[in-house]
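Remarks on the structure that follows.
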Amino acid sequence: MSHVVSPIREKLVSGGKSYHDVTQDICRQVEGAPTKEWKIAFGISCVIFTYGAYCLGYTWWQGIGVWGLNKTVGWAWDITNFVWWVGIGHAGTLISAVLLLFRQKWRTSINRSAEAMTIFAVLCAASFILAHMGRPWLFHWALPLPNTFGSLWVNFNSPLVWDVFAISTYLSVSLVFWYMGLVPDLATIRDRAQTKASKFWYGLFSLGWTGSAKTWARYEYVSLILAGISTPLVLSVHTIVSMDFATSVIPGWHTTIFPPYFVAGAIFSGFAMVQTLLLVTRVTFKLEDYITIEHIEMMNIVITVTGSIVGIAYLTEFFIAWYSGVEYESYCFVNRATGPYWWAYWMMMTCNVISPQVFWFKKVRQSILLSFVISVVVNIGMWFERFVIIVSSLHRDYLPSSWAMFSPTRYDIGDYLFSFGLFFTLFFLFAKFLPVINMFEVKAVMKGVSTKYPKKQVAHKQIEKEDTKIGEEVSES
Amino acid sequence: MAGHSHFSPANVEEYFEFTAEGRKKVLTALVIGIVVLGVGIYMLMNGNHEEAHAVAGHAAEHGGHAAEHGKEMLSGGAASHHETAWDPLNRLWANLWLNGVYFSGIAVIGMFFVSIQYLSKAGWSSVVKRIPEAFPKFLLFTAPLLIGLFIFKGDVIFHWMHEGVTVKGTEHYDKIIAGKSGYLNFTFFLVRMVLIFAAWIGLWFMMRKKSIEEDLIGGTENFTSMVKLGTGFIVAMGISSSLSAWDWVMSIDTHWFSTMFGWYMFSSWHVTGLAVITLTVLLLQDKGYMQYVNANHLHDLGKFMFAFSIFWTYVWFAQFLLIYYANFSEETIYFLERWEGHNKIYKATEILNVFFNFFFPFLVMMSRDAKRTPIFLKICCFFVIVGHYLDFYQMIMPGTVGDHGGYGLVEFGTIIVFASAFIYVVSHELTKASLIAKNHPFLEEALHHDI
């Protein structure tokens with residue numbers, strides 16, 4: 001990569017950090033004892049997790065009849081939550097793979113936690129698939145395994161089966177990508193370890209990393225290959241999730257724009273979640289020099305762009321529903337906006353399309369408080385988007401006598417809480433035991449994007465001046 | 001801040017010279033195109049159907065049976081009403097429309113590319129940005145052409161402009177089309193069309209002015225205003241890309257609809273624009289210009305072509321799959337018409353569409369070395385440019401000329417005319433500014449680009 005950096009570029013590491021400072025700042029929370037704030041936060045998520053686990057256990061014990069589903073709305077919070085979590089799980093790989101291919105240096109401070117978040121979000125999504133199954137102990141029937149049950153075999157025509165393949169592939173590749181990126185940093189912690197236990201565990205997971213030129217060269221190859229594999233995967237996952245709906249013939253579900261529109265929405269909500277988590281992390285772990293205003297602003301721009309793409313898709317659907325002249329389709333959309341679920345529809349519109357437009361103002365993009373608020377608002381909006389698509393399309397059956405509403409029970413809510421508990425428990429464990437920022441990648445890009453780099457700035461400037469002089473002489477001659 | 005530069009960007013300036021010899025070549029091509037087109041029209045007018053079709057080799061399949069068969073497989077295009085009084089010149093108007101839309105796309109993607117580079121603050125592309133920046137000039141020619149065609153020959157292209165289709169009680173009344181007349185009517189359509197072109201040309205004009213001014217005065221002020229203009233254009237394009245796709249192309253098959261269509265057509269334009277940018281850079285390098293563009297820049301252009309070929313395929317396939325899977329007759333008719341309808345004259349195009357636009361670019365551009373080697377890039381550009389002409393051909397022709405389509409002298413003549421006009425206009429526009437934006441604040445990054 002070119003080391004010439006235009007002077008008008010924003011700085012990505014502030015505070016005049018040296019390479020050693022980076023190691024110190026980021027290893028601090030891994031090596032130190034857990035802070036009080038961490039303990040409290042972790043404790044709360046464990047409590048939520050326990051309550052959620054009880055609700056999920058009860059759901060499994062009693063069957064999914066404990067949910068508020070009825071014969072018209074046969075799919076509601078369960079699939080809404082699933083799609084919501086899968087969507088959130090998009091940002092990690094987008095940041096680590098797509099932004100790597102685009103050589104975006106600002107990704108280095110945020111990719112580690114974004115990837116971790118991705119993995120946890122996909123696990124949460126998977127928990128809803130298991131919750132769905134009714135008989136979760138037979139989950140392996142979703143795989144095309146040789147079996148002794150006669151002709152029992154998965155239906156390859158079903159997008160739900162494509163989902164199983166897409167999401168399990170995505171999870172595996174994301175996990176490998178995340179872990180690969182961790183190895184050099186784990187080795188750093190291993191080399192600094194003070195206790196026997198941490199030397200053993202970090203040593204075990206750093207796979208004997210030596211840091212030789214050859215290992216780095218291999219590391220670079222693997223990263224690029226994984227990025228190449230992950231990029232189509234990012235698109236495929238939500239494409240296939242969208243096909244769960246779009247291949248059907250239900251008005252409001254069957255529409256061709258669904259695949260790219262779902263992908264854009266997923267990136268949108270994923271970035272919002274990364275923003276939420278990082279804004280908290282940067283304060284609690286005092287990482288303001290690494291997750292700078294520039295990073296926050298970049299993410300806000302991505303949120304605005306993807307939110308607007310989603311907005312165009314909403315309007316396209318609405319317009320074509322009218323343009324097509326298909327009565328069912330037109331009714332479905334008018335009903336969404338003005339029917340009994342109008343509040344959900346306008347919640348979605350306000351949170352997803354209107355709220356990110358405030359980021360057109362640079363002041364708002366750079367405001368930490370507003371960025372945090374909007375990032376939460378966006379994820380609320382994205383939950384409502386899925387709710388609107390799913391429930392508002394189903395609740396008006398073809399026969400008016402079958403029209404129904406959906407109201408969640410305690411177990412709908414409890415199972416949703418379970419996923420939050422799971423997500424935050426895992427995230428806090430990650431934040432404590434692993435470096436939340438990719439140390440060596442930050443170091444790799446520091447030249448040119450860090451303030452006061454290198455340390456002997458004055459001496460360097462001298463050299464530079466001489467350089468330019470020589471350059472001018474060369475080009476004149 | 002810049003590391004060890006031995007290069008002072010301010011010393012660089014390079015002007016493209018559109019030589020007399022070059023002009024002569026392009027104009028000769030233009031004349032040849034006009035002659036071919038003239039002969040093609042003459043043959044059409046004299047009912048020499050078979051010869052006009054000869055290239056596609058479908059002459060043998062003509063007959064009364066085929067015409068009836070064709071009628072069943074229509075998605076509401078203008079062609080469905082032409083069986084009684086077919087004017088051979090219609091094929092000329094359809095061809096002009098096709099090329100007008102296709103080349104407008106290439107031209108506007110030039111502006112889109114530059115805008116994206118500014119919005120994302122990309123450094124590497126600052127060495128090539130003057131090339132796409134010249135493209136939108138061609139809009140000054142396609143805009144009046146398309147607007148004129150719409151005003152005077154709109155009923156040839158658009159079924160919804162036929163007389164009486166929206167008037168209840170008349171012979172040709174069509175309930176579905178009547179339902180769309182709030183959007184598809186002469187005035188509103190024209191207003192949209194004019195606004196779209198005005199936005200594209202207006203924003204380009206402002207951008208171009210700022211860009212050339214930057215060469216003279218330097219500083220970063222122009223850069224900042226170009227970021228703003230680029231952002232404005234992206235917003236305008238976000239809306240106008242879908243509108244233009246619905247209006248100019250989707251409404252040809254008036255009954256049919258697809259929410260994906262806006263992005264589908266845009267992705268087709270986009271990858272074609274990238275291929276034309278790449279090809280222009282390579283051809284200029286062959287002439288000895290732009291030697292500062294190295295394998296790394298080409299690599300990036302190649303990656304773009306590769307990635308957006310796949311993106312086009314993704315959009316194309318998703319649209320096809322969802323329609324195929326749901327199997328609603330009012331949606332599947334679109335593909336059926338192209339596959340089975342009109343004596344199957346469009347079937348070969350459908351197959352080539354996927355081969356030219358997916359398999360070939362995918363396989364040719366797969367390796368790193370290929371993306372850094374001019375000849376491979378040129379091969380890929382060829383497939384993409386021809387392939388997406390075919391893509392637009394199959395979007396526009398079945399609905400406008402139906403059974404009377406084919407690949408004849410009219411088609412080849414029109415392409416030659418448009419291509420040479422495009423080359424002439426862009427070459428002329430390239431002479432108006434240095435090929436390198438010497439005061440671009442990221443230029444030094446680009447000159448040291450190394451991946």
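The values are calculated or read from the model by the stated rules, or taken from the named source; none is laboratory data. What you see is a predicted model; the values in this text were computed from it and never measured. Here the Cβ positions follow ideal geometry from the backbone for every residue, glycine too, while neighbour counts run over all protein chains shown. Only protein heavy atoms, including side chains, enter the accessible area calculation; ligands, DNA and RNA are left aside. Shrake-Rupley method; radii C 1.70, N 1.55, O 1.52, S 1.80 Å.
Across the stretch B:354-370, in residue order, what do the Karplus-derived ³J(HN,Hα) couplings come to in whole Hz, using 6.51 cos²θ - 1.76 cosθ + 1.60 with θ = phi - 60° and x for Gly and Pro? So the Karplus estimates, Gly and Pro as x, are 6, 5, 5, 9, 10, 4, 5, x, 4, 6, 5, 8, 4, 8, 4, 4, 4 Hz. Of the residues B:206, B:237, A:376, the one whose Cα sits farthest towards the positive end of the charge dipole of the protein assembly as shown is A:376 (charges of +1 on Lys and Arg Cβ, -1 on Asp and Glu Cβ, taken about the Cα centre).
Counting only alpha carbon atoms, the long axis of helix B:20-45 and the longest principal axis of chain B meet at about 10°. Here the Kirkwood formula puts the hydrodynamic radius of the stretch A:19-476 at 24.0 Å, using every distinct Cα pair.
List the aspartates and glutamates whose alpha-carbon lies under 12 Å from that of residue B:438, not counting same-chain residues fewer than 8 positions away? The reachable aspartates and glutamates, counting only those whose Cα sits under 12 Å from residue B:438, are B:13, B:14, B:213, B:214, B:215. Across the stretch A:111-245 the C-alpha pair distances fall into 10 Å bins from zero in the proportions 10, 30, 27, 20, 11, 1 percent. Rank A:445, A:270, A:388 by how far each Cα sits towards the positive end of the charge dipole of the stretch A:19-476 (+1 on Lys, Arg Cβ; -1 on Asp, Glu Cβ) and give me just the farthest. Positive-end residue among those listed: A:445.
The C-alpha atoms of chain A define a longest principal axis, and helix A:196-205 lies at about 70 degrees to it. Relative to the longest principal axis of the Cα atoms of chain A, the long axis of helix A:293-323 makes an angle of roughly 30 degrees. Pairs of alpha carbons in the stretch A:409-450 separated by more than 17 Å make up 57% of all such pairs. What does the C-alpha gyration tensor say about the overall shape of the protein assembly as shown? Classify as rounded when a/c is under 1.5, otherwise prolate if a/b is larger than b/c, or oblate. Judged from the Cα gyration tensor, the protein assembly as shown comes out oblate (a/c at least 1.5, b/c at or above a/b). Here the simple spin-label model places points 7 Å from the Cα toward Cβ, and for residue B:243 and residue B:89 these points are separated by 3.1 nm. Placing unit charges on each Cβ (+1 for Lys and Arg, -1 for Asp and Glu) gives chain A a dipole about its Cα centre, and among A:319, A:18, A:237 the Cα reaching farthest toward its positive end belongs to A:18.
Scaled to the compact-protein estimate 2.2 N^0.38 Å, what is the alpha-carbon radius of gyration of chain B, rounded to two decimal places?
My calculation over the Cα atoms of chain B gives 1.02.
What is the interface area between chains B and A, defined as buried accessible area summed over both chains with a 1.4 Å probe, reported in Å² to the nearest 100? The B and A chains share an interface burying roughly 4600 Å².
Working from Cα pairs under 8 Å separated by at least six residues, relative contact order for the stretch A:256-370 is 32 percent. Once the Cβ-Cβ distance of residue A:137 and residue A:180 is raised to the sixth power relative to R0 = 41 Å, the FRET efficiency obtained is 0.80. Legend: mean number of C-beta atoms from other chains within 10 angstrom of residue C-beta atoms, peptide B:248-259, equals 3.
Setting aside same-chain residues fewer than 8 positions from residue A:214, which lysines have a Cα under 21 Å from its Cα? Qualifying lysines at Cα under 21 Å: A:443. The simple spin-label model puts a point 7 Å past each Cα toward its Cβ; for residue B:31 and residue A:19 those points are separated by 6.8 nm. Pairs exceeding a 28 Å alpha-carbon distance, out of A:105/B:371; A:196/A:432; B:129/B:347; B:137/B:347; B:137/B:180: B:129/B:347; B:137/B:347; B:137/B:180. Counting only Cβ charges, +1 for Lys and Arg and -1 for Asp and Glu, the dipole size of chain B around its Cα centre is about 1000 debye. Rounded to the nearest Hz, the phi-derived 3J(HN,Hα) couplings of the stretch A:40-57 under the Karplus curve 6.51 cos²θ - 1.76 cosθ + 1.60 (θ = phi - 60°) are 5, 4, 5, x, 4, 5, 5, 5, 4, 4, 5, 4, x, 4, 4, 4, 5, x, where x marks glycine and proline. The calculated 222 nm mean residue ellipticity attributable to helices in chain B amounts to -22000 deg cm²/dmol, summing -39500 (n - 2.57) over DSSP H runs of n ≥ 4 and dividing by all residues. For residue B:435, the residues whose amide H sits under 5 Å from its own are B:14, B:15, B:16, ignoring neighbours fewer than 5 places away on the same chain, with H placed 1.01 Å from N.
For the stretch A:103-114, the Karplus equation 6.51 cos²θ - 1.76 cosθ + 1.60, evaluated at θ = phi - 60°, returns couplings of 6, 8, 5, 5, 5, 5, 7, 10, 5, 4, 6, 5 Hz by residue, with Gly and Pro reported as x. Taking the Cα centre of the protein assembly as shown as reference, the dipole from Cβ charges on Lys and Arg (+1) and Asp and Glu (-1) amounts to some 3120 debye.
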